[in-house]
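These notes are about the structure you will find just below.
The values are calculated or read from the model by the stated rules, or taken from the named source; none is laboratory data. This is a predicted model, so every value here is computed, not measured. Ideal geometry is used to build each Cβ from the backbone, glycine not excepted, and the neighbour counts take in all protein chains shown.
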Amino acid sequence: MEKVDFAKLKLSEIRRLGLDGRSRMDLATLSRRTQLTLVLLVGTILISSVAALNTSNYQQFFPALEQLQVKVVSVHANANSQSLNGSVTFTIKNPTGYSGLIMQSLLTNFTVTFTNGTTIPQGTLDYTGVPKKLNPTSPVNITLLLVGSGTGPLQVTQLIKDGAIPQYAFSVNIILTTFLDQVLGITIPYQCPPTRSPITCEEVGIFLTSHGGVSGGGGGR
Amino acid sequence: MIARQEVLAVLLWGTAITSLLVRNLFQGSFPGLLDFGLFAAFGLTAGAVISDLEKTIFGFAAGMALGTFLAFILAVLPALAGVVPPPGDQTVYTLWFSIIFRAVFPLPLIISLMTGLIGAGIGETYL
């Protein structure tokens with residue numbers, strides 16, 4: 001094999017060795033089979049580039065489910081005998097880079113607990129409005145009215161009159177729409193401890209529901 | 001004797017099948033009309049490069065096996081890497097096995113085989 005000292009090359013030698021750029025690979029001189037191989041290579045690279053983006057996003061899907069955060073950012077009530085007459089605001093945040101999660105609905109069970117240990121169930125609060133996209137690092141706020149059910153508001157009003165301090169505890173189920181929706185439904189339950197001030201809710205697990213004949217299961221922490 | 005170009009064609013064919021599968025499945029859809037066209041295009045090209053009917057059948061089997069295996073590995077990577085801990089990981093394996101089977105069988109499989117053979121026929125005749 002010929003060794004080349006590039007520092008000592010003369011112009012004629014550069015041309016002889018084909019290093020001057022004039023002897024570029026000419027595709028037309030390649031065999032048709034090699035040309036087709038190149039077409040296959042380029043096609044595979046192109047489609048793989050698109051697939052790589054989707055794969056990279058997918059790899060953050062399960063971390064997004066595990067790390068989805070629900071916070072009670074504000075809760076207040078001015079109870080009377082008919083209604084708790086208040087509201088609660090939840091913030092749902094996707095702290096990962098995954099894009100593709102949509103909150104279909106938010107179902108909440110809540111109770112009012114008092115410092116003396118009394119717990120009064122207040123029924124459900126549901127958000128079933130427009131589905132909300134849970135985009136990376138852009139939190140979604142959901143405000144729900146606290147009404148109460150049955151004799152709950154009346155009991156709460158009486159206890160408050162007696163000097164007891166109410167706290168509000170929520171069990172939240174977030175129902176998600178994901179790319180797996182054709183085969184799998186995903187619900188993430190959270191427990192929000194009794195509070196009167198902002199608090200972070202704890203994810204209890206991830207529940208999977210089978211759709212369309214594919215067997216599913218349950219997962220938890 | 002298997003030429004390097006034939007091995008390369010099978011590897012590229014398999015990679016293309018993986019890419020076509022994950023491009024759709026990770027977005028929540030099964031392969032559609034456009035994808036069937038792409039499966040056909042890759043099958044034709046790979047078959048033409050191989051240019052031998054018998055080798056193309058083996059190449060198709062190897063490419064399809066490689067493609068679906070790679071797609072499955074990419075799909076269950078979170079379970080393999082421990083991001084999804086047991087027992088949830090078993091659900092991920094079962095789920096993706098079913099999804100990939102449904103995505104590949106029957107149309108993409110048949111399209112790839114048929115176009116691969118047609119490509120090999122064209123290759124044998126004209127290349």
Checklist entry - Just a yes or no: is a residue in segment B:49-68 under 17 Å from the mean Cα position of the chain (by Cα) and within 10 Å of chain A (Cβ to nearest Cβ)? => result yes
Item to check | Filter result for the condition that a residue is under 20 Å from residue A:88 (Cα atoms), buried (at least 20 other Cβ atoms within 10 Å of the Cβ) and either modelled with pLDDT of 95 or more or within 14 Å of chain B (Cβ to nearest Cβ) (or both), over A:206, A:174 | outcome: A:174
Checklist entry - Restricting attention to segment A:48-97, and to residues there that are of a type in the set (Phe, Trp, Tyr) and within 11 Å of chain B (Cβ to nearest Cβ), which single residue is nearest to residue B:30 (Cα to Cα)? => result A:58
Next on the checklist: Filter segment B:92-121 down to the residues that are closer than 14 Å to residue B:45 by Cα and within 10 Å of another protein chain (Cβ to nearest Cβ) and list them by number.
Outcome noted: B:119
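To keep it simple, each residue is scored yes or no on (1) surrounded by fewer than 17 Cβ atoms within 10 Å (Cβ to Cβ); (2) outside any strand (DSSP E or B).
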residue: A:56; (1), (2): yes, yes
residue: A:70; (1), (2): no, no
residue: A:80; (1), (2): yes, yes
residue: A:126; (1), (2): yes, no
Item to check | Criterion: surrounded by fewer than 24 Cβ atoms within 10 Å (Cβ to Cβ), without any contact (Cβ under 8 Å) to a residue 60 or more places away in the chain and assigned to a loop (DSSP other than H, G, I, E, B) - qualifying residue of B:31, B:86 | outcome: B:86
Checklist entry - In segment A:145-166, what count of residues is obtained for those that are surrounded by fewer than 18 Cβ atoms within 10 Å (Cβ to Cβ) and either assigned to a loop (DSSP other than H, G, I, E, B) or not basic (Lys, Arg) (or both)? => result 12
Next on the checklist: residue B:89 - would you say it is closer than 30 Å to residue A:33 by Cβ and either in contact with a Ser or Thr (Cβ under 9 Å, 6 or more places away or on another chain) or more than 8 Å from every other protein chain (Cβ to nearest Cβ) (or both)?
Outcome noted: no
Checklist outcome for this item: Scanning segment B:1-17 for residues that are more than 7 Å from chain A (Cβ to nearest Cβ), farther than 16 Å from residue B:111 by Cβ and touching a residue at least 40 places away in the same chain (Cβ under 8 Å) gives B:2, B:6, B:10, B:11
Next on the checklist: Conditions first: (1) farther than 22 Å from residue A:41 by Cβ; (2) within 11 Å of chain A (Cβ to nearest Cβ); (3) aromatic (Phe, Trp, Tyr). Residue B:42 passes all but one, so which condition is the exception?
Outcome noted: (1)
